[in-house]
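Below is one structure, written out as structure tokens; the observations come after it.
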Amino acid sequence: MTIKLFISGLTLNIINAYAPQVGLDEEIKRHFWEDLDEVVVSIPHTEKLFIRGDFNGHIGSVSMGYDEVHGGFGFGCRNGGGASLLDFAKAFGLMVANLSFPKKEENLITFRSSRAVMQIDFLLLRKDDKSLCKDCKVIPSENLTTQHKVLVMDLEIRRKKKKRVMDDRPRIK
């Protein structure tokens, strides 16, 4: 799903993605990444891009080769789905916002079941727009479903100030 918002002279593109689960066929996963590639390529660099997704992959707490996209504040260990997400972010000049802020474990975990706790939901944005993101965290008291937690990003978008028109009268001192 893609939403385009126009705020204070900026165009914000918000993409919500749901990646195929671990047990599904590799062909299905490949189609997902190709489709997401097409959507991202279609968005001009003059517009802001934010991707929120349940990527069903574990990025882990160590950046290991992905320093430019991984902020170093993740949870758990990396798996193949997490590596795919990091490769995608690297290819498109994106960064994973919720790995860029030090948080307590409860503010990192996006999925909790009776058997496991995981960080599988992520928010991505273009590296050039990093200064817009003031914080990114999980709100542990709110549930999207019985297992998923709400992941939020705080953005600071400043309105452009209009220049005052000065008349040709001299100022009085």
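From the list I3, I14, which one is in a strand (DSSP E or B), in contact with a Phe, Trp or Tyr (Cβ under 7 Å, 6 or more places away or on another chain) and open to solvent by 30 Å² or more (accessible area, probe 1.4 Å)? Exactly one of I3, I14 is in a strand (DSSP E or B), in contact with a Phe, Trp or Tyr (Cβ under 7 Å, 6 or more places away or on another chain) and open to solvent by 30 Å² or more (accessible area, probe 1.4 Å), namely I14.
Here V69 clears all of (1) in contact with a strand residue (DSSP E or B) (Cβ under 7 Å, 6 or more places away or on another chain); (2) open to solvent by 10 Å² or more (accessible area, probe 1.4 Å); (3) modelled with pLDDT under 95 except the condition numbered (2). The set of residues in segment 92-117 being under 21 Å from F32 (Cβ atoms) and over 15 Å from the mean Cα position of the chain (by Cα) consists of F111 alone. Remark: pairs (first residue in segment 104-115, touching a residue at least 24 places away in the same chain (Cβ under 8 Å) and farther than 14 Å from F73 by Cβ; second residue assigned to a loop (DSSP other than H, G, I, E, B) and not hydrophobic (A, V, I, L, M, F, W, C); Cβ separation under 8 Å; 6+ apart in sequence or on different chains) = F111/Q119; F111/Q147; R112/Q147; S113/Q147. Does K103 qualify as being open to solvent by 50 Å² or more (accessible area, probe 1.4 Å) and closer than 16 Å to G53 by Cα? Here the answer is no, as K103 does not meet what is asked.
Quick check, is T11 among the hydroxyl-bearing types (S, T, Y), closer than 20 Å to S131 by Cβ and within 17 Å of the chain's Cα centre (by Cα)? Here the answer is yes, as T11 does meet what is asked.
The values are calculated or read from the model by the stated rules, or taken from the named source; none is laboratory data. Here the structure is a predicted model, which means the values were calculated and not measured. When we count neighbours, we look across all protein chains shown, and the Cβ atoms used for this are built from the backbone with ideal geometry, even at glycine. SASA here: full protein model, heavy atoms, side chains in, ligands and nucleic acids out. Shrake-Rupley method; radii C 1.70, N 1.55, O 1.52, S 1.80 Å.
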